[in-house]
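Working notes, beginning with the structure itself.
Nothing in this text is a laboratory measurement; each read-out follows from the coordinates by a stated rule. Note that the structure is a prediction, hence the values are computed from the model and not measured. A quick note on method: Cβ atoms are made from the backbone with ideal geometry, for glycine too, and the neighbour counts reach across all protein chains shown.
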Amino acid sequence: MVNRKGKITDIVLLFPALFISISVVLIPSIQTIYNSLTSWNGFAAEKTFIGFANYLEIFEDRYFHIAIKNNIIWMLLFLTIPVCVGMGMALLLLQRKRSRNFLQMIFLVPYVLAPVVTAMIFKNIIYSPTSGLIHFLNELNVGLDLKNPLTSREFGIIAVAAVDMWHFWSYLMIIYLAALRQTPADQLEAARLDGANFPQLFFHIYLPNIKPTVHLMSIMIVIFSFLAFDYVNLMTQGGPAHYTELLATLAYTSAFSERKIGMASAYSVIMSVFGLIAAFFYTKASMKEERD
Amino acid sequence: MTNLKKLLSLLLALVMVLSLVACGAAEEPAEEPADEPAAEEPAEETPAEDEPAAERKQITMWFWGASDYQRNAMQKWLIDAYNNSQEEYELVVEFRSSVDSDIAVALSGGGGPDIVYGSGPAFVAGYAAEGLFVNLDSYAEQYGWKDRLVGAFYDLCTVEGSLYSIPGGMSNFGVFYNKKVLEDNGWAVPTTYEELTATMDKAIEAGLYGGLIGAKDWRYTNEWPISMLLTSVAGPEAVYKVLTGEQKWNSPEIVEAANEMVTWYNNGYMGGEDYWSLDANEIFQYLVDEKTPFCYAPLNGFQWAKGVAPDDATLDNIGFMLLPAKNGGDAPVTLGAVCSYSINAKSEHPDAAAAVLDYMLTAEFASGMSSEWPGYWGMPVVEFTTVDPADYEGVYAAYIQACADVVAALDAGNFGYAASTCFPAVTYETSIDIDTVWFGEQSVEEYLDSLDEAYAEDVEAGSIGQIPMPKF
């Protein structure tokens, strides 16, 4: 009887989370997948089923290939630069016991700025060849002929990613610092007594201890990289000449400019697949860690 | 104790579920809450506004995030004017920076405001076909809109012969010039296309920008040179035939216009590489600061000029002219509206919403708004030609005159087409890819072939709107 009561209580307690998951995750996901197989324009009463036509069109679209390449570049940049800078700064802050809190607050300023503010700062004050830092450097007359990096075929996407990385790195720093501070003191003390220097401490004590956090953040970065949208939309809208296109900007254009909700849904499904792959590897790695 | 904990947990779960249900239910009411600028403007000036808002039925309208002086003008000439004209309804305008996507989402979900702001008549066709907008034919007859609107605009707003929207202010593209720069350099105001390009070449030689357009904040600014040069170089007849499927995009007249777009970009007639580093306000700042003799923009340019000019004297240096036709003849205007207004099929007060639209189609409203917010509210009404520019000063007079000239040209059938207003959705989106030609990613022919494919897609989707026919 007690067991039965307990089960009912468990079900009732589970219900709110289940209700939220079903209503805001599962049902919209199923709807999105179904929409991706239709030519729905977003407001027609009927949705015409067209099978995988949207996906075939997407795979043949040259701008899709540019977007995939850009999303991968975005992911690789985020998996390296902000991770290294965030980790490095976290290690430095770990040594600063008195000023740590103050410095954390200062470093977090870019993270708390609204994306539109950050984007405007970089567009107008850094990258602008007519009034920004680029203009200033060109005016020095030392042989520099710098262009607006946002218009570059090769560096456009890197220039936009740089803005997002400037905004994002301090968030990683805070997460890494919190994890580093959980490292057992006895392990550190024992290593120090054995004469370990700081690199040895990092690679043999700190890093193994914060490995789950590093894994988790890396997986999150992969997922976020395939969902990236706001900075590109704010700074270039995927242009010029589609050089800075991402999957999300293509989805947005399909949905709101071309009114192809079916196509936009197909882009969303493709974006989700990348996230699912990342989540799969994370789950697998977590299970392995638990077994170990 | 354990039982008490369980009971508390159950209660908490129940509260959460109820909260969610309540949140869902709160989204149901058909009328949108009013949480906006009406509150920012003092309402005590007028007796009608002294009445409690609850006693009046609300007519809602969403609009883009206008600046303070623009909101003040709307408050005075639209909101207060309408609210004071009767005692039954209250017009509430909500300013939203993401109005386009907000409206698309709201309409898809069966909601949205009573008066639907749209990006232009081309935006309306799909929604009208699905019955999301009210058929305005009966109101057009009741208020005589067919006679009051410029014919080409009335036709443009129809879908399969029925009216589903009214146009916003005219957005004819043209040339803004700085009289002082031209005078100081001994250059005359160009009267032909060749004179214009020659003057731009001289300006570049003199260390100025030849001309300016700015796409820093909005890649879709590409539609400006597209609309202008299709109208001026390809000419109204060719573009009409292309938009009605009688002629391919990849045809000699359009190829010539597209090549001209490349020439303009490469020659620096649109600011060269700085095209991507300047926005609309900045190009007008440069025009006012005498860094260029010309800016190319829709009539909205008057509002940008007003926004950046330090004083009226500087503003008076700015003139406006139509872009001359490359192959001679009278300069055609571009048939374009800054936006469109429709009535939501879900509106509970369509008659009152129609009365608001009717008020917007008066010269009193258009000239009143334009006297404080030049550039945006030149409604395409025939009555506009009766407004005397002499009653206004400086740039306001120039704007009123420009509107009257455009109305006269439209009436004479001498017009081409603005891309955002007249191109169907996929064709419009593809046309913006002219920058891929500028950057050497595809040839003019490939670009025009892609436009033919896009147009075929629009035909298949049934999204080709009514294209008014110019005289040729």
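The angle between the Cα long axis of helix B:193-205 and the longest principal axis of the Cα atoms of chain B comes to about 90 degrees, rounded to the nearest 10. Pairs of Cα atoms nearer than 8 Å and 6+ residues apart set the relative contact order; for chain A it is 28 percent.
What order do you get for B:273-279, B:222-228, A:47-53, B:98-104 when each peptide is scored by the mean count of other beta carbon atoms within 10 Å, highest first? Numbers along the way, then the final one.
Numbers: B:273-279: 22.0, B:222-228: 24.9, A:47-53: 12.7, B:98-104: 18.1.
In descending order of packing, they fall as B:222-228, B:273-279, B:98-104, A:47-53.
Mind sorting A:Asp164, B:Asp358, B:Asp184, A:Asp292 by how few other Cβ atoms lie within 10 Å of their own Cβ, fewest first? Please report the intermediate quantities before stating the final value.
Working: A:Asp164 24, B:Asp358 19, B:Asp184 12, A:Asp292 5.
In increasing order of surrounding Cβ atoms, one gets A:Asp292, B:Asp184, B:Asp358, A:Asp164.
Mind checking the dipole of the stretch B:278-393: about its Cα centre, +1 per Lys or Arg Cβ, -1 per Asp or Glu Cβ, Debye to the nearest 20? It would help to have the intermediate numbers written out before the result.
Numbers: 4 positive and 17 negative charges, 114 e Å.
That gives the stretch B:278-393 a dipole magnitude of about 540 debye.
A P(r) calculated from all alpha carbon pairs of the protein assembly as shown, with 20 Å bins opening at zero, reads 14, 43, 32, 10, 1, 0 percent. Multiplying the residue separation of B:Thr385 and B:Lys57 by 0.36 nm and subtracting their alpha-carbon distance yields 114.5 nm.
Placing unit charges on C-beta atoms (Lys and Arg positive, Asp and Glu negative, everything else neutral), compute the dipole magnitude of chain B about its Cα centre in debye, rounded to 20.
Working: 21 positive and 75 negative charges, 122 e Å.
For this selection, approximately 580 debye.
Take each residue of peptide B:90-102, count the partner chain Cβ atoms within 10 Å of its Cβ, and average: the result is 1.
For chain B, the longest principal axis of the Cα atoms and the long axis of helix B:394-411 meet at an angle of about 80 degrees.
Under 1.5 on a/c is rounded, so check that first for the stretch A:10-93, then, if it is not, pick prolate when a/b is larger than b/c and oblate when it is not; a ≥ b ≥ c are the square roots of the alpha carbon gyration tensor eigenvalues.
Working: a/c = 4.24, a/b = 1.25, b/c = 3.40.
In terms of gyration-tensor shape, oblate.
Between the helical axis of B:252-267 and the longest alpha-carbon principal axis of chain B there is an angle of about 90 degrees. Look at the dipole of chain B built from charges on Cβ: of B:Phe294, B:Tyr127, B:Gln442, the Cα furthest out on the positive end belongs to B:Gln442.
Helices meeting the span-like rule in chain A (full DSSP H runs, Cα extent of at least 15 Å along the helix axis, mean Kyte-Doolittle score of 1.0 or higher): A:62-95, A:156-180, A:207-225.
Compute the Kirkwood hydrodynamic radius of chain B, taking the inverse of the mean of 1/r over all pairs of distinct Cα atoms, and give it in Å to one decimal.
Details: mean 1/r = 0.0423 Å⁻¹.
Across chain B, the inverse of the average 1/r is 23.6 Å.
For the protein assembly as shown, with only Lys/Arg (+1) and Asp/Glu (-1) charged at the beta-carbon, what is the dipole magnitude about the Cα centre, in debye rounded to 20? Before the final figure, lay out each step's value.
Numbers: 42 positive and 93 negative charges, 977 e Å.
Once rounded to the nearest 20, the dipole reads 4700 debye.
Each peptide in B:62-72, A:190-200, B:431-441 receives the mean, over its residues, of other Cβ atoms within 10 Å, and ordering these scores from highest gives B:431-441, B:62-72, A:190-200. A Förster distance of 30 Å, applied to the separation of the beta-carbon atoms of B:Glu237 and B:Ala456, puts the FRET efficiency at 0.90. A simple spin-label model places the labels of B:Trp218 and A:Ile8 6.2 nm from each other, with each point 7 Å out along Cα-to-Cβ. Only Cα pairs under 8 Å and 6+ residues apart enter the sum, and on that basis the relative contact order of chain B stands at 23 percent.
Averaged across the residues of A:17-24, what count of C-beta atoms belonging to other chains lies within 10 Å of each residue's C-beta? Walk me through the numbers on the way to the answer.
On the way: counts 2, 0, 5, 3, 0, 0, 2, 1.
That average works out to 2.
Of all aspartates and glutamates in the structure, those lying under 13 Å Cα to Cα from A:Lys47, and not within fewer than 8 positions of it along the same chain, are B:Glu130. In this structure the amide hydrogen of B:Phe95, modeled in the peptide plane, comes within under 5 Å of the amide hydrogens of B:Phe63, none closer than 5 places in sequence on its chain.
Within the stretch B:87-158, which GluC sites (Glu not before Pro) sit in a loop by DSSP and count at most 13 neighbouring Cβ atoms inside 10 Å? Could the numbers behind the result be given before it?
Values: sites: B:Glu87, B:Glu88, B:Glu90, B:Glu94, B:Glu130, B:Glu141; in loops: B:Glu87, B:Glu88, B:Glu130.
Those that pass, being in a loop and sparsely packed, are B:Glu87, B:Glu88.
Quick one: grab the alpha carbon gyration tensor of the stretch A:91-136, order the square roots of its eigenvalues as a ≥ b ≥ c, and give me rounded if a/c is under 1.5, else prolate or oblate depending on whether a/b is larger than b/c. In terms of gyration-tensor shape, prolate. Each part gets one Cα centre, and for the stretch B:256-284 versus the stretch A:214-237 those centres are 32 Å apart.
Modelled this way, with points 7 Å down the Cα-to-C-beta line, the labels at A:Ala17 and A:Ile106 are 4.1 nm from one another.
Among A:Ile81, A:Ile27, A:Ile223, the residue with the largest mean-square fluctuation in a Gaussian network model of chain A, with springs joining Cα atoms closer than 10 Å, is A:Ile27.
Taking every residue in A:250-262, how many Cβ atoms of other protein chains lie within 10 Å of its Cβ, on average? Working shown, then result.
Details: counts 0, 0, 1, 2, 2, 4, 6, 10, 12, 10, 5, 2, 0.
Rounded to a whole number, the mean comes out at 4.
Phi angles of the stretch B:287-302 translate, via the Karplus equation with coefficients 6.51, -1.76, 1.60 and θ = phi - 60°, into HN-Hα couplings of 5, 5, 7, 6, 8, 7, x, 9, 10, 10, 6, x, 4, 4, x, 4 Hz per residue; Gly and Pro are given as x. Comparing A:Arg98, A:Arg153, A:Arg62 in a Gaussian network model of chain A (Cα springs below 10 Å), the most mobile by mean-square fluctuation is A:Arg98.
If you plug the beta carbon distance of A:Arg181 and A:Val116 into 1/(1 + (r/R0)^6) with R0 = 30 Å, you get a FRET efficiency near 0.35.
Can I get the semi-axes of the stretch A:52-291's equivalent ellipsoid? Compute them from the C-alpha gyration tensor as square roots of 5 times the eigenvalues, in angstrom, largest first.
36, 27, 14
The calculated FRET efficiency for B:Ala198 paired with B:Asp311, based on their beta-carbon distance and R0 = 35 Å, is about 0.65. Approximating the spin labels as points 7 Å out from Cα along Cα→Cβ, the A:Val142-to-A:Phe280 distance works out to 5.1 nm. When the charge dipole of chain B is built from unit charges on Cβ atoms (+1 for Lys and Arg, -1 for Asp and Glu) and taken about the Cα centre, the candidate among B:Pro167, B:Thr430, B:Val407 whose Cα reaches farthest toward its positive end is B:Thr430.
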